[in-house]
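Report on the structure given below.
Bear in mind that the values in this text are calculations on the coordinates, not laboratory data. Values in this document were obtained by computation on a predicted structure and should not be read as measured data. Neighbour counts run over all protein chains shown; Cβ positions are idealised from the backbone, glycine included.
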Amino acid sequence: MHHFTYRDGEMFAEGVPLSRIAREVGTPVYVYSAATLRRHFRVFDEAFAGTDHLVCYAMKANSNQAILRLLADMGAGMDIVSGGELQRAKAAGVAGEKIVFSGVGKTDAEMRAALDYGILSFNVESVAELHRLSEVAEAMGRRAPVALRINPDVDAKTHEKISTGKAVDKFGIPWLEARAAYAEAARLPGIEVKGVAMHIGSQITDLAPFEQAFTLMADLIRLLRADGHDIRHADLGGGLGVPYHGDTDMPPHPDDYAAMVKRLLGSLGVKLIMEPGRMIAGNAGVLLGRVLFVKETGSKTFVITDVGMNDLIRPTLYEAFHHILPVREPAVDAPRKVVDVVGPVCETGDYIARDRDLPVMQRGDLFAVMTAGAYGAVQSCTYNTRALVPEVLVDGERFAVIRPRLEARDIIALERLAPWQVKDEMA
């Protein structure tokens, strides 16, 4: 569910017409609905009512400060994957005891910063990382709280670039090496074993891979406890998908997901930690753009827009599908045409949609790229020295720019001439 709807022939974000945002902020621009963010978090959190649990929003999906503050105010913790995300979480007022640190390549400086802030747990991805974390913690006079991320070799049937739980993926410690890794952790002076972690991938629309992974997790927790380890929490990762295509790829409802988790893990007395990202932020955002030209060739019609792959790279990087809707609602019998919707970036891969049947659009028409709230703005860049796309948050009938547009002059101002070039200019 989301709060982007047509009213009197025009698309609104909650109580604000998208045409007003386009007029006052310009395009392209990301637009987020606070009501959608709140609803998605609440539905997921309430699905686990009656259990000891913590929902740690996976901030890699959308890490804007306004989004983090909104979710933190609702009680969310954060799943981070870098020192920069730790700084973002701190700036948003998230307590260390609500932060888990995932990722395969944590640096010494990142480890020290997380230990200083007193995070809840490191999700350790390798034995090599385990040893280094112990050394860093011991040098600080600390013990690092950890859960070892175990790779269960479960195929989540998702895109190969967002699969994380198969044996060929870079993430986690192999399932067959789990007990030996925990035995090693118990011997290390700078490590305190707290839990078990798994995360098998993203945009998963079937409960079966989750059930397979969490069954293995439950078995492992029992084995580890029998080995003498004090396992207090189970980090289930994220991965629950969103309906990019609509009714054809509907993910499980959080209630069904939670019921399965409770059935498999509820009797173990562990705190449940979940890391949803996309399912909270995905449908909460759209990317608003404008048509620049319509180009007819012998075999193709190209709708050329001001939305480039630098603004939204998902179609190029993941072959991702996003619905494209005109801001002005078309009539039921409006003419349609199969077109490629492309951007201005100097790359053949710069497109939003290929061979898409859409209402006919003209120069100047506004359109919304739907389900763009996750992995959109966070992956945007300034390729071709294009302005960095801004972000807007709508809350009821009010809206605010929560990331301004970074113009070309701002981008250039971040760069410096080499000292000898400055001397040459002054000569």
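At-a-glance table
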{"read-out": "Between the range 384-427 and the range 305-356, the alpha-carbon center distance in angstrom", "value": "26"}
{"read-out": "Percentage relative contact order, the chain, counting C-alpha pairs under 8 Å, at least six apart", "value": "19"}
{"read-out": "Shape category assigned to the chain from the gyration tensor of Cα positions, a/c cut at 1.5", "value": "prolate"}
{"read-out": "Residues 278, 386, 405 arranged by fewest to most Cβ contacts within 10 Å", "value": "405, 386, 278"}
{"read-out": "Around residue 8: net Lys/Arg minus Asp/Glu count, Cβ-Cβ under 14 Å", "value": "+1"}
{"read-out": "Karplus (6.51, -1.76, 1.60) ³J(HN,Hα), θ = phi - 60°, over the range 175-182, in Hz, Gly and Pro reported as x", "value": "3, 6, 9, 4, 5, 5, 5, 5"}
{"read-out": "Cα-derived Rg to Rh of the range 1-107, Kirkwood definition", "value": "1.05"}
{"read-out": "For residue 403, distant residues with modelled amide H under 5 Å away", "value": "391"}
{"read-out": "Rounded D (µm²/s) - the range 103-274, Kirkwood Rh over Cα pairs, Stokes-Einstein at 25 °C, 0.890 mPa s", "value": "148"}
{"read-out": "Inter-label distance for residue 227 and residue 407, nm, one decimal - labels placed 7 Å from Cα along Cα-to-Cβ", "value": "6.0"}
{"read-out": "For the chain, calculated [θ]222 nm from helices alone, where every DSSP H run of n ≥ 4 adds -39500 (n - 2.57)", "value": "-8500 deg cm²/dmol"}
{"read-out": "Farthest positive-ward along the range 103-274 dipole, Cα basis, beta-carbon charges - from 257, 196, 237", "value": "196"}
{"read-out": "For 381, 56, order by how many other beta-carbon atoms lie within 10 Å, fewest first", "value": "381, 56"}
{"read-out": "Exposure proxy ranking, count of Cβ atoms within 10 Å, fewest first, for 314, 416", "value": "416, 314"}
{"read-out": "When each of 106/271; 90/194; 106/194; 60/337; 60/194; 60/262 is checked by Cα-Cα distance, pairs over 28 Å", "value": "60/337"}
{"read-out": "Residue 384 paired with residue 423, simple spin-label distance in nm, labels 7 Å along Cα-to-beta-carbon", "value": "3.9"}
{"read-out": "Residue-by-residue Karplus 3J(HN,Hα) for the range 268-279, coefficients 6.51, -1.76, 1.60, Hz, glycine and proline x", "value": "8, x, 9, 6, 8, 10, 10, 10, x, x, 4, 5"}
{"read-out": "About the Cα centre, charge dipole magnitude for the chain (Lys/Arg +1, Asp/Glu -1 at Cβ), debye", "value": "440"}
{"read-out": "Local electrostatic count at residue 355 - Lys and Arg +1, Asp and Glu -1, tallied over other residues with Cβ under 12 Å", "value": "+2"}
